[in-house]
Structure formats: C-alpha cells, structure tokens
Amino acid sequence: MSQNDDNPLTEQKKAYMQIPVPKTAKKSVETGIAKARAEKRKNMMLHNLKKIGVCAAAVLVTFGVVVNASPMVANAMVGLPVIGKITKVITFGKYTNEQNHMSADVNIPKVEGNVAANAEIETYAKDLIAKYELELEKTNGASNYDMQSDYEVVADGKNYVSIRINTVITQASGAQFVKIFTIDKATGKVKTLQQYVNDDAKLQAISNNIKQQMETQMEEDKNKSYFIGDDGFSGLTGDESFYLNEVGELVIVFDEYVIAPGSMGMIQFTIADSVWK
C-alpha cells in the first residue's frame, strides 16, 4: 500500500467523489459549464476581432499616408478622382508692394494637392504681378497705380470646381477684370469653354442666346446698353470665363468694358441647358 493510500485526506476525497449526484443538479452543472465555455469562446472571438480591427485601422492609416504623400499613386488606384467632393482651396502665395504712389496686393490661390491646374493659376498671378512691376519700372513708382487681386470659389460641384480671381486696377479710373478657372475634378486640369461645350454649333447656339438676352434686357430697361456687332459682342471665342451654377447651368462672365459700358460693371449670362444640350 502506498503512502497516499494511508492519507486520511485521500480517503475523504474518494468518499466525496462516490457521492451520487441528482440528475437535476448534474444537468444544471453541465449547463453552467457549457455556458461558461460559450462565454469564453465569445470573449476570445471579440478579442481577436479587436486585434483585427487595430490591424485594419493601421492599414487604412498607412493607405491614407500613401495617397496623401503621392497623388499620382492615388490617381492610379481604382480611378480615384484627383479632387474630392469638397475642394480645399488655399492661399498659395501673397505679393505685396508699396512704393511712392504705387501699391499692389495679390493673393494667389491653389487647390490643395498635386493638381495640374495650379500651374496655370500661378502663371496667371505672375502675369498680373509682371504687369504691375512693368508699370513700376516705367514710372519709378510715380504713377498713381493700385492693383488689388483676390479670389473666391464660385462653384464646387460633383465634377467641377471654379475659382474666380477678381482684379481691380485703379489708375486714372478703375477697371475690374475677372478670370475663372473651371477645373475638371477627374483630371485636375483647367477646362476652357470650348472644351466644355465641345461643339462649334453648340457654341454658336449659346452666342445667339446671349445676343437675345442682351436685346431683351435693353428693351425692358432703357438704362442697359450692350455693344453688339463688330465693336462689341459678335460671338463667343471659347476662351471666355465660365462656371456652373448650383443647378448645373452654364454661366459666362465678361470683364468690364468688353461688351457694355463700364457703368454696367461685370456682366454675366446664365444659359439654360435647353439652349445647347
């Protein structure tokens, strides 16, 4: 007989194990054990899912970094658009100068990201600055000349965003100029009116409609006057500034003095889709 067999605790354990367990109690115990095992499996599963979630989040963060760091890579991924639904336009640079009787304040916008249109916008701004500096050089600052140029986002739709640059030059009198860059969100490139309409016959139909609007406005309001014909508006060239309004209609904008007296200011015409589509 082993030493354990003489141990009174061993004998008590044997006696305890031989006590018959009622069927109802046994069933309750087995149910409790099964429930505990199920709960354990559930907790393990949740733990694993959390680990997977952390890994997935890490992947998403990494993906975001790659996309933001390299827009060219982003464009190649599943045809992702260059510009998102909401376009972030920021001030890329600012030019200020004040010398004698001359001054300039030019804010230069850009679309956030590696967008092709930014090069065209920057070139336009540099041309404005060059115009001012040429006048400065010619007159050594003695000319009463002021240039103020700023920008605004006039439209940010599903497919296009339009940035309007307003420039006022005050010399003997004031003159306002506008340039609208309408950018295709899918390519990041500026689209001209000719490219957007993409048909000479449609461009002519729009031109005819603008003439009709001019004539109707002059008939209804004697204070309005437009230059129509050889010395004014004879038709669109396809290079005019334009944007799409909140309902997607074409809006064409003209500088002061181009098609009307300066007293009428900036002129714009809204073209219904039925005119040309």
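Computed with the Debye formula from one identical point scatterer per Cα of the stretch 163-243, without solvent, the log10 of I(q)/I(0) at q = 0.12 Å⁻¹ comes to -0.50.
Note that the stretch 161-175 has calculated 3J(HN,Hα) couplings of 10, 10, 10, 9, 9, 9, 10, 10, 10, 10, 10, 5, 9, x, 9 Hz, one per residue in order, obtained from phi through the Karplus relation 6.51 cos²θ - 1.76 cosθ + 1.60 (θ = phi - 60°); glycine and proline are x. Given R0 = 35 Å, the distance between the Cβ atoms of Ala142 and Thr237 translates into a calculated FRET efficiency of 0.40. Protection proxy ranking of 160-171, 119-130, by the mean of other Cβ atoms within 10 Å over each peptide's residues and highest first, is 160-171, 119-130.
Shape class of the stretch 141-208 from the Cα gyration tensor (axes a ≥ b ≥ c, square roots of the eigenvalues): oblate, since a/c reaches 1.5 or more and a/b does not exceed b/c.
Accessible surface comparison of Leu134, Leu236, Leu250, probe 1.4 Å, protein chains only, largest first: the order is Leu134, Leu236, Leu250. Amide H to amide H, with H built 1.01 Å from N, Lys88 comes under 5 Å of Glu112, counting only residues 5 or more places away or on other chains.
Which shape class, rounded, prolate or oblate, goes with the stretch 219-277 when its Cα gyration tensor gives a ≥ b ≥ c as root eigenvalues, a/c under 1.5 marks rounded, and past that a/b bigger than b/c marks prolate? Here the stretch 219-277 falls in the prolate category.
In this structure the stretch 115-268 gives 51 Å² per residue of accessible area when probed at 1.4 Å with all protein chains present.
A straight chain from Gln176 to Glu215 at 0.36 nm per residue would run longer than the Cα-Cα distance by 11.6 nm. Share of Cα-Cα pairs in the stretch 82-235 beyond 28 Å, in percent? In whole percent, the long-distance tail amounts to 40.
The values are calculated or read from the model by the stated rules, or taken from the named source; none is laboratory data. None of the values given here were measured: they were computed from a predicted structure. All Cβ positions, even for glycine, are placed from backbone atoms using ideal geometry, and neighbour counts span all protein chains on display. Ligands, DNA and RNA are excluded from the accessible area calculation, which covers all protein heavy atoms including side chains. Shrake-Rupley method; radii C 1.70, N 1.55, O 1.52, S 1.80 Å.
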